[in-house]
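The structure appears right after this line, and notes come after that.
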Amino acid sequence: MTRPAGRLRAVLRDEGGSTLPLAIFFMFLAVVVILGVMGATSLYIERKRLLTLADGAALAGAEAFELTAVTPTEAGLRVTLDSADVGAAAADYLSEAPHGSLEGIRLESAGSPDGRSAEVALSAWWRPPVLVLVLPDGIRLDVTSTARSVFG
């Protein structure tokens with residue numbers, strides 16, 4: 001009777017192969033973390049590209065005024081922007097500016113809410129570089145940028 005108990009103790013003390021499941025789990029975890037970081041970095045970079053494009057469109061809109069729209073005030077010269085001119089300047093800028101890898105860029109709105117600043121809202125699609133099965137349609141990114149013309 002002592003022989004089977006001795007074999008059981010020997011089998012229980014044998015640690016051979018017990019690190020393999022741990023190694024597989026940690027390799028799987030490392031791959032998931034790497035893919036997650038790649039996706040988050042890609043999303044951040046695409047949002048920054050879209051925001052840069054919106055900044056340029058807002059700046060073009062802020063400079064879209066006739067000299068007759070400049071009026072002198074006690075604080076200095078003041079520009080009065082027209083929303084139609086801001087929208088046209090933003091659309092012209094977007095038609096000529098390079099878009100890079102941005103997909104489905106859309107000018108959501110462009111105008112002058114207060115007559116002094118130009119506000120432009122853009123949107124575009126972001127698709128993950130890997131794990132397309134998780135987000136097959138991607139995510140719609142929306143950004144808004146505001147620019148103001150200031151004299152002196």
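The values are calculated or read from the model by the stated rules, or taken from the named source; none is laboratory data. Owing to the predicted nature of the structure, the values given are computational and were not obtained by experimental measurement. Note that we place each Cβ from the backbone using ideal geometry, even for glycine, and neighbour counts take in every protein chain shown.
In the range 11-69, the qualifying residues are those that are in contact with a Pro (Cβ under 7 Å, 6 or more places away or on another chain) and crowded, with 16+ Cβ neighbours inside 10 Å, and the one that is modelled with the highest pLDDT is SER42. Any residue at all in the range 120-128 that is surrounded by 12 or more Cβ atoms within 10 Å (Cβ to Cβ) and in a loop (DSSP other than H, G, I, E, B)? Among the residues of the range 120-128, at least one is surrounded by 12 or more Cβ atoms within 10 Å (Cβ to Cβ) and in a loop (DSSP other than H, G, I, E, B), which makes the answer yes. Identify, by number, the condition in (1) more than 28 Å from MET38 (Cα to Cα); (2) without any contact (Cβ under 8 Å) to a residue 12 or more places away in the chain; (3) in a loop (DSSP other than H, G, I, E, B) that PRO72 doesn't meet. Exception for PRO72: condition (3). Here ASP85 passes the criteria (1) at pLDDT 90 or above; (2) buried (at least 20 other Cβ atoms within 10 Å of the Cβ); (3) over 27 Å from GLU46 (Cβ atoms) except the one numbered (2).
Scanning the range 48-64 for any residue that is under 26 Å from ASP137 (Cβ atoms), assigned to a loop (DSSP other than H, G, I, E, B) and of a type outside the set (Lys, Arg) turns up nothing.
In the range 97-111, the residues that are farther than 23 Å from PRO128 by Cβ form Cβ pairs under 9 Å with partners that are exposed (fewer than 13 other Cβ atoms within 10 Å of the Cβ), at six or more places apart or across chains, as follows: GLY111/ALA84.
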